[in-house]
Amino acid sequence: MPRKRAKTSSFTLRLGAEVVELLARMPNKSEWVRNAILAQMGVSCPLCCGKGILPSHCQAHFKRLIEAQRQHPCARCRNRPVGATCCRAGSRLRDNRRGRRLIVATLHREHTHQHGAGCGHTAIKHNGHVDYLHDGHLHHASKDGVEEHKLEVSSTNPASCTPGHDCGKHETGHRHGPGCGHEAVPHGDHVDYLVDGHLHHPHGDHCDDHGPVQVA
């Protein structure tokens, strides 16, 4: 018997002119759109692993993390988004140390403060240059403006859970967050706090040790 073909349905998709122009260049638009939708629908939430429910201690942890990210208002619209800014001041590619153009830096062209020695902000050595902690952000003064940086996750600064960490540099019951007395440091996809030259990450009932940083 001939094999039955799977039933298909058609629907109309409203797209912008730019997307239509991009799709027009593809030899098989339907297959590309179908594969893109299947790939996206197959991605589970990294927080709840697709369950749709977070335990209470995880909810409290990520609530503090989101609030820490919202502490700096956007320079243009003055909203407090999750992340560095909701109105990107501009971006450009930078050469990394291997000469490969992989790093995208957000530029704050309207930033009036001049970062440098004695400017009042903590200086941190980062990838062969010096950055400055400014209201939960890591700023680098370049000839084009102030760049938004963050510490990369690495063997020196991992993002692992270390429940046995006890450095004795703050009280056991101390909770890191906005206004806790420690400066926030962007690290990978999260926020850490600078404690005596080390990165502390609040995680449930303990602090994770995310490695040392060099204060300039």
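The values are calculated or read from the model by the stated rules, or taken from the named source; none is laboratory data. Here the structure is a predicted model, which is why all the values come from computation and not from measurement. Quick reminder, even Gly has a Cβ in these numbers, built from the backbone with ideal geometry, and neighbours come from all protein chains shown. Keep in mind that these areas ignore ligands, DNA and RNA; they rest on the heavy atoms of the full protein, side chains included. Shrake-Rupley method; radii C 1.70, N 1.55, O 1.52, S 1.80 Å.
Odds and ends about this structure:
- Sole exception among (1) closer than 25 Å to GLU148 by Cβ; (2) open to solvent by less than 40 Å² (accessible area, probe 1.4 Å); (3) of a type outside the set (Asp, Glu) for GLY179, by number: (2)
- Spans of strands (runs of 3 or more DSSP E) in the range 115-216 with at least 2 residues touching a residue at least 60 places away in the same chain (Cβ under 8 Å) and farther than 30 Å from PRO55 by Cβ: 123-126, 129-134
- Tally, over the range 141-181, of residues that are more than 21 Å from GLY197 (Cβ to Cβ) and of a type in the set (A, V, I, L, M): 2
- Flag if HIS137 is at pLDDT below 75 and on the phi < 0 side of the Ramachandran plot: no
- Residue check for HIS111: closer than 26 Å to ASP196 by Cβ and either modelled with pLDDT under 90 or in contact with a strand residue (DSSP E or B) (Cβ under 8 Å, 6 or more places away or on another chain) (or both): no
- Single residue of the range 7-32 satisfying the filter (of a type in the set (Lys, Arg) and either touching a residue at least 60 places away in the same chain (Cβ under 8 Å) or out of contact with any Leu (no Cβ under 6 Å at 6 or more places or on another chain) (or both)) that is most open to solvent (accessible area, probe 1.4 Å): ARG14
- Residues of the range 145-164 that turn out to be in contact with an Asp or Glu (Cβ under 6 Å, 6 or more places away or on another chain) and open to solvent by 50 Å² or more (accessible area, probe 1.4 Å), as a count: 1
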